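*Asks:* First, the structure itself, so that you have it in front of you.
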Amino acid sequence: MVISPEAQWSSHEDSTGEFALEFGAMPKDIVVFWEDVYPVEHEKPVRGVPMTVDGLIDWMRNDPRLEVSKARNGSIGSLPATVVDVTVATDAENDDPGCPTDVCALFLGFPQWDESWGIAEPQVQRFYLSDVEYGGQTHLFVGVVYPDDPADMETFLPEGEALLETVQVPAEPA
């Protein structure tokens, strides 16, 4: 993957499980990229969910811990993407004893991660999901614009989207 940001970004993780960048002017606001993440409940993989844009979004919509916005079109670089905002459901119970707020939902996993990915109320995470193909296999490619403070979404989103526009990956839409 190649990015060509115009603003000041720094990477705090570049591994097989995640490429994460934080924005210089707002260091708690990040953009992360993943491939082939999967849903989890009680920090265990959920079986039977197709690892596709539709499969993951359908699962998230049916997870009582999450609220998922109406899907809209977007992109990750030149790849078409489906965009949804994810928040913690109003009546969700806390999944994380170390949650910094009253309720956290731990809902995604990846084999190399030590812990599940989650969201704390009242955060909003904007997901960009794309079914891609390379090497004769299909994969789920995900970018997430994630301001730590939901009030930052308005000012951080343009920076995150500008970064997403520069993404180049050796993949084709699936």
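*Asks:* On the Cα set of the stretch 61-174, report Rg and Dmax in Å, please.
*Replies:* Over the stretch 61-174's Cα set, Rg and Dmax evaluate to 15.1, 44 Å.
*Asks:* I've got another one for you. So what is the diffusion coefficient of the stretch 1-127 in µm² per second by Stokes-Einstein at 4 °C and 1.567 mPa s, using a Kirkwood Rh over Cα pairs?
*Replies:* Rounded, D is 82 µm²/s.
*Asks:* At a threshold of 8 angstrom on Cα-Cα distance, excluding pairs fewer than six apart, so keeping six or more, what relative contact order does the stretch 10-166 reach in percent?
*Replies:* That works out to 25 percent.
*Asks:* At most 15 other Cβ atoms within 10 Å and a DSSP loop assignment: could you name the GluC sites (Glu not before Pro) in the stretch 33-101 that fit?
*Replies:* Answer by residue number: E43, E93.
*Asks:* Let me ask something else about it. In a shell of Cβ-Cβ distance under 13 Å around P50, excluding P50 itself, what net charge do Lys and Arg (+1) and Asp and Glu (-1) give?
*Replies:* -3
*Asks:* Apply 1/(1 + (r/R0)^6) to the Cβ-Cβ distance of Y134 and S11, taking R0 = 22 Å, and write down the FRET efficiency to the nearest 0.05.
*Replies:* 0.50
*Asks:* Given a 10 angstrom Cα cut-off, can you work out which residue in A162, A25, A71 is the most mobile in a GNM of the chain?
*Replies:* A25
*Asks:* Just tell me the longest site-free run in the chain, where the sites are trypsin sites (Lys or Arg not before Pro) in a DSSP loop having at most 15 other beta-carbon atoms within 10 Å.
*Replies:* By the stated rule (loop sites, at most 15 other Cβ atoms within 10 Å), 71-174.
*Asks:* Go ahead and estimate [θ] at 222 nm for the chain from helices alone: -39,500 (n - 2.57) per DSSP H run with n ≥ 4, summed, over the residue count, rounded to 500.
*Replies:* Computed ellipticity for the chain at 222 nm equals -4000 deg cm²/dmol.
*Asks:* Which of S116, S15, S69 ends up with the largest GNM mean-square fluctuation for the chain, with Cα atoms connected below 10 Å?
*Replies:* Looking only at S116, S15, S69, the biggest GNM fluctuation is shown by S15.
*Asks:* Connecting C-alpha atoms closer than 10 Å in a GNM of the chain, tell me which of D149, D91, D29 has the biggest fluctuation.
*Replies:* Sorting by GNM fluctuation, first place goes to D91.
*Asks:* Further, regarding this structure: What nm distance separates the two modelled labels at D54 and A71, each placed 7 Å from Cα along Cα→Cβ?
*Replies:* For the pair D54/A71, the computed spacing is 0.7 nm.
Here, each number is a calculation from the coordinates, and none is a lab measurement. Predicted, not measured: the structure shown is a model, and the values here were computed from it. Heads up, the Cβs are rebuilt from the backbone with ideal geometry, glycines too, and the neighbour counts pull from every protein chain shown.
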